[in-house]
Structures are given as C-alpha cells and as structure tokens.
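Input: a single structure, listed below in structure tokens.
The values are calculated or read from the model by the stated rules, or taken from the named source; none is laboratory data. In this text the structure is predicted, and so the values were computed from the model without any measurement. Every residue, glycine among them, receives a Cβ derived from its backbone with ideal geometry; neighbour counts consider all protein chains shown. Accessible surface areas use protein heavy atoms only, side chains included; no ligands, DNA or RNA. Shrake-Rupley method; radii C 1.70, N 1.55, O 1.52, S 1.80 Å.
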Amino acid sequence: MAGHPEAPAIEIAALTKRYGATTAVDDVSIAIPEGTIFGLLGTNGAGKTTTFKCAMGLARPSAGSVRFHGQALQPKMFESMSYMPERPALYDWMTGMQHLEAARRTFAQYDRARARELADLFALDLRKRAGKLSKGQQSALGLVLAFSIRPQVLVLDEPSSGLDPLHQRHVLDLMIDAAAGGATVVFSSHQIGQVERAAERVAILHRGKLVLEGVVEDLKAQEKIVEATFETDAPTIAGLEANASVRHLMRQGRLLRAYIRGTGDGVVAAIQAAAPTSVRILDQNLEDIFLVAVGGN
Amino acid sequence: MFYKEFLRVRNFFVVFALVMMAIGLVVLLFSGHAKVSIGDDSPSTAQAEHAATADKFGPGPSQVHGTGIVISNEPNEPFPISALLAFAGLVAAIFATGIGCGLACENNGHLEIAWTRPASRVGYAARLMAVDIAGILAIFAFTVLLCLGVIYAVGLQHYLALDPKVGAVLARFLVYPLAWYGIVCGLTASVRGRAGAIAGFSWLGAAILLALLDLKMPPVLHAIVKTLNYVNPLLYGNFASGDEASRHIVQIGLPISIAALSAIAVVGIAAALTQWRALEA
C-alpha cells in the first residue's frame, strides 16, 4: 500500500462518532504498526463495530480521523484492504461461486487458487446460494472473500462468529499467516482466548472510550492479582482501595482479590498485615485484564 | 466490475421475458379477434367464417397453420406501431420500477460489501444504474420484438401502420421507463427495507394523482394537483403520435413529453446519487 512507510499501518486519531445524543465512539486514538495482529475488545455496544465502520469509510466520524500509512482512506486502497463485517453482507440470491467471481472481476490481486483452497478449508459448498448457507458458512464465505485478495490490511469484525471450534482455529491460523506475510490484521472478538492467542497488541473499548491499550505480553506482565484467603470473611483493609496500583478490588466470602498494576509491594504488605491464611501473587490473563478494564467481576 | 449488477438485471430480465412470452402465447391462443382451435387441422368454424368474409377485408394472411394452432382474424383497421411502442414502454416501465430499488437493496445490508471495493460511491452507483438502464432498454427491445413476432405469427403484419411521428413516439417511450426508474431511484435510494412497497405504490400514487386532475376541487388544491402531475410520468404516457396528446386538463405535446420525461429521469437519478453519497452503513 502506498503512503509513508514509517507511518503506522492504521492510525486512528481522536475518533469520535455520535448518533444523535448517543456517543458511540468517544475520542479514541490507536496506532497500529504494520504487520501486527491487533485485537479490539469490548462488551456489546462498546463501539468496536462503529470504530471499524469509521475506519472503513462506511460511517463518517463526528470528529477525528483515520489514516492508513499516513494517508486518508481512498477507494483505490481497497485493492489491498479487506473488511469483513460482523454480519456478512452477502447477497442471498448469489451463490458462493458468484461471490468469488464478482471478487475476481473487482480486485486485481484476487487469487483464484487461494480462494479455492480456503473454500476447501472451510468445507464450503460454493454452489449454494448465500441465503441458503448457515450463519457459520456465511462467515466462512466472508472470510474466503476477505483473504482471497491477499490484502495488506485486514479488518475483521467478529471473524469467528458462528464457526465451529475447528474453523475458529483456522481463522486464527489465517490471521497469523497473513501477519507473517507482512499484512496488518485488526480484529474484534468476544472470545478473549482467541485474542490472547493471536494478537500482539490489544485495545479495550468500554462505552465508546478507550480504557486500555498495549502489547499483550506487557499488559500481562504489568497486571497481577494478589489473592488472599482469611479464616473468616475477608476484612476491609484500610487504605487498600486508595492505593494507586490497585485497579480493582473483589471480596467474596473469605476470599480477597486485588487486581494490581506493577509489583504491588505495598498492597501485599497491607494484606499480610490483616493476617490472612494465605497470600498468592498471580499473573493476570487477558480475560482478567479485560474484566477489570470494563469494571466487571 | 459489472458482474453482480449484470446478474441482478439478468435475473429480472429472465423473469420478465418469461412472463411476456407467456402472455404472448396466451394472446396467440386466445386473441379477442381470433377464433382458435388447437390440434385440429380440419377446417374450423373460424376458417369457414374467414372464407365468407375474405372478400370484404381483402387479401392478406389471416390464417396461420402452425404447430397444431389455427387462427383466423378479422381486423378492419390499421394497427399503429405507436401502440406497440407504448406497450413496450409500459412493460419497460414496470420492469424499471422493479429494478429501480437497486440502491435501496444495497442499503439493506450490503453497503459493507458495496463500499469496500476499489471504486468511489458515485462510481459504484453510476455503474449499477448504467446496467439497470441497459436492462430497461433491453426489455423494451425484447417486448417490441416479441409483439412483432406475435403479430407475424397471427398474420397481421399487413395491418401494421407506421405513424408519421413514430420516431418521436419511440423516443417518448424509451424515456418513459427511464422516468419511472428515476422516480423510484429517487424515492428509495436512502430507504432501508421498504423500497419494494414504495416502488409498487408509486404506480397507484401516480394513477390517483392523475385521476385527481379530473375532479372538481378548490382552485388552490387543483393548482397543487396540477403542479404535482408535472412530475407524474403517467401524464406523459399517451401513445398518440401527434402534438394533440392532451390528457385531462393539462395539455402536453409530444416534444414536451419527451423533455419532461427526460428531466424526471435525470432529476430522479441525481436525487438518488445525492442520497447515496450521504448514506452511512
């Protein structure tokens, strides 16, 4: 893709999208380096799809901008970009084969052999009309279309939606393979395990705002859980909630969990002062990080 | 780049062509001016009647011995080509109403595909419309040819009469369906999900609007109805070949009709493109 090679593959700057009184995306800024797999996480209605739509020119931002290699989106860029929406926007009356033929006639980089290979991978019957395909098969056809043009930028909104575990694994492999070939992959998923497995970087949106963004391994290294058990109900420990490194505190019966950022030495000392029966420091996984970021339990 | 659009129009065309051919077959079999017997080559009542009246109507093939179909007819006046063109224009207009919802169909869940291709929004819409218009012209030509085929099949070709202004009438009925196309496009381009109903009711609305012209009503209301009718394609659908083509209270000549229908088509399409550009997925 033409543009400034040193610029991020995708740069979302202060993006805001309002629908009437509702702010779907609120001042979101993300820079996605070329060749990375970037996961966008968020609860339903967090603004993931709207962010994608603004990025793909399907919706007009109320404020802010999206640039690809330093350039504003232009139609010709779609020659090397693929977007797979959450609900595959296929034409019900067209067969899978006709969808592929339409792609062949539209995209100069369309790879017929690759499309065939992918259709076989997902066990797709291309003679069937899209309207007759199951939701998972429609997603698969959307994926075949997205990957068959060998794009440099892939934006996939819930690409595994409706797919069985085997085909979900294929999607991960395809994304990893594409990134290994230099493509930039941005995707959203509610399956955090998949994101953790595939994505190098993640961003978490909550109610339209960007609440966390970074390299997955760095985030996991920074984020810890201090888990303590007590003989009776977990006590309220003075000053713990006010501690800057405590992102979230959970009390459940005899169990106390403090989700902390950094080493959390002061936190461990404070908890130990309350005479617990045991204290453990655990690594957080991406799901823990996500739940803390969106304020869930 | 035209593939999907071509498939869509082709599907419409095939359905229309089959319906038209079925109608043509029915006309062949059960023409109001013909008495028909099927699968019987023996002299029929119709042939006997024809023999009796042959001197009255002069020479001309008024019998057809085809694949088991025997038809006789008794025309007594020329059949104007203009009427045939008007019929083709009407068929093409119905076809145009059907495919005029193309942008609305895209807007009903397909924008994510339509707008993520290496083509501008206007370029995409223009391409879709170009294929639609080609389809409209094709169904017009098909209908004319089919009608001529039926006329030849029943041996009435000698009664076809060229009007003096057949060229202008042809122009009128070529732009007539385009005007309907423009109106339907303009009304539905930004609609999601109800475009078919709007297209269907556009004919009813146009007919009511035209009928209102003949009703007695307060001058202000009448002026409004009259003004609205200037963008009503039905007003210009008269197949009379002369400038006297008057309908109701509004007097419309042939050149004016052609110009008005063209203007309706252009404005409708421009309105559709404007809405299309402003849409969001």
From the square roots a ≥ b ≥ c of the eigenvalues of the alpha-carbon gyration tensor of segment B:75-278, which class results: rounded (a/c under 1.5), prolate (a/b over b/c), or oblate?
oblate
Three-way shape label, segment A:43-117, alpha-carbon gyration tensor, a/c 1.5:
oblate
Partner chain Cβ atoms within 10 Å, averaged over the residues of A:87-95 - can you pull that number for me?
5
Could you give the angle, 0 to 90 degrees to the nearest 10, between helix A:165-180's Cα long axis and the longest principal axis of the Cα atoms of chain A?
80
Rounded to the nearest 5, the percent of antiparallel DSSP beta bridges in the protein assembly as shown equals 70
Put +1 on the Cβ of each Lys and Arg and -1 on the Cβ of each Asp and Glu in the protein assembly as shown; which of B:183, A:228, B:130 then has its Cα farthest toward the positive end of the dipole?
B:183
Taking a label point 7 Å from the Cα of residue B:108 along the Cα→Cβ vector, which residues of segment B:170-198 have an amide N closer than 18 Å to it?
B:181-198
Using label points projected 7 Å from each Cα along Cα→Cβ, tell me how many nm separate residue B:17 and residue B:94, to one decimal.
1.8
Residue A:7 versus residue B:145: modelled label distance in nm, points set 7 Å from Cα along the beta carbon direction:
5.2
When only Cα pairs under 8 Å and 6 or more residues apart are kept, what is the percent relative contact order across segment B:67-172?
56
Once you have the Cα-Cα distance between residue B:152 and residue B:266, take 0.36 nm times their residue separation minus that, and quote the gain in nm to one decimal.
37.4 nm
Of the residues A:153, A:268, A:186, which exhibits the maximal mean-square fluctuation in a Gaussian network model of chain A defined by a 10 Å Cα contact cut-off?
A:268
Of A:215, A:294, B:184, ordered by accessible area with the largest first and a 1.4 Å probe, the sequence is A:215, A:294, B:184
With a ≥ b ≥ c from the Cα gyration tensor eigenvalues, square-rooted, and the rule rounded for a/c under 1.5, otherwise prolate when a/b > b/c and oblate otherwise, segment A:66-207 is oblate
Magnitude of the Cβ-charge dipole of segment B:75-278, K/R +1 and D/E -1, about the Cα centre, nearest 20 debye?
560
If I stretch the segment between residue B:194 and residue B:220 completely, what's the gain in nm (0.36 nm per residue apart, minus their alpha carbon distance), one decimal?
6.1 nm
Would you be so kind as to identify which of A:171, A:36, A:106 lies farthest towards the positive end of the dipole of segment A:10-207, taking Lys and Arg as +1 and Asp and Glu as -1 on Cβ and the Cα centre as origin?
A:106
Take chain A, connect every pair of alpha-carbon atoms lying under 10 Å apart with a spring to form a Gaussian network, then pick out the residue of A:123, A:59, A:238 with the largest mean-square fluctuation.
A:238
With only Lys, Arg, Asp and Glu charged, each at its Cβ (+1 for the first two, -1 for the last two), find how big the charge dipole of the protein assembly as shown is about the Cα centre; round to the nearest 20 debye.
620
If we count trypsin sites (Lys or Arg not before Pro) as exposed when they sit in a DSSP loop and have at most 16 other beta carbons within 10 Å, what is the longest stretch of chain A that avoids them all?
A:1-126
Among the listed pairs A:17/A:224; A:135/A:224; B:165/B:226; A:53/A:128; B:4/B:226, give every one whose C-alpha distance is greater than 31 Å.
A:17/A:224; A:135/A:224; B:4/B:226
With the dipole of the protein assembly as shown defined by +1 on each Lys or Arg Cβ and -1 on each Asp or Glu Cβ, the option from B:254, B:110, A:274 whose Cα lies farthest towards the positive pole is B:254
Build a GNM of chain A with springs between Cα atoms under 10 Å: which of A:279, A:144, A:171 gets the top mean-square fluctuation?
A:279
Inter-part gap, Cα centre of segment A:52-115 to Cα centre of segment A:240-280, in whole angstrom, is 48
To the nearest 0.05, how large is the calculated FRET efficiency for residue B:259 and residue A:218 if R₀ is 51 Å and r is the Cβ-Cβ distance?
0.15
Return the FRET efficiency for the residue pair residue A:76, residue A:134: r is the Cβ-Cβ distance, R0 is 30 Å, and the value is rounded to the nearest 0.05.
0.30
Within 11 Å, Cβ to Cβ, of residue A:286, how many net charges do the neighbouring residues add up to if Lys/Arg are +1 and Asp/Glu are -1?
-4
Please get the size of the charge dipole for chain A, origin at its Cα centre, with Cβ charges of +1 on Lys and Arg and -1 on Asp and Glu, quoted in debye to the nearest 20.
1040
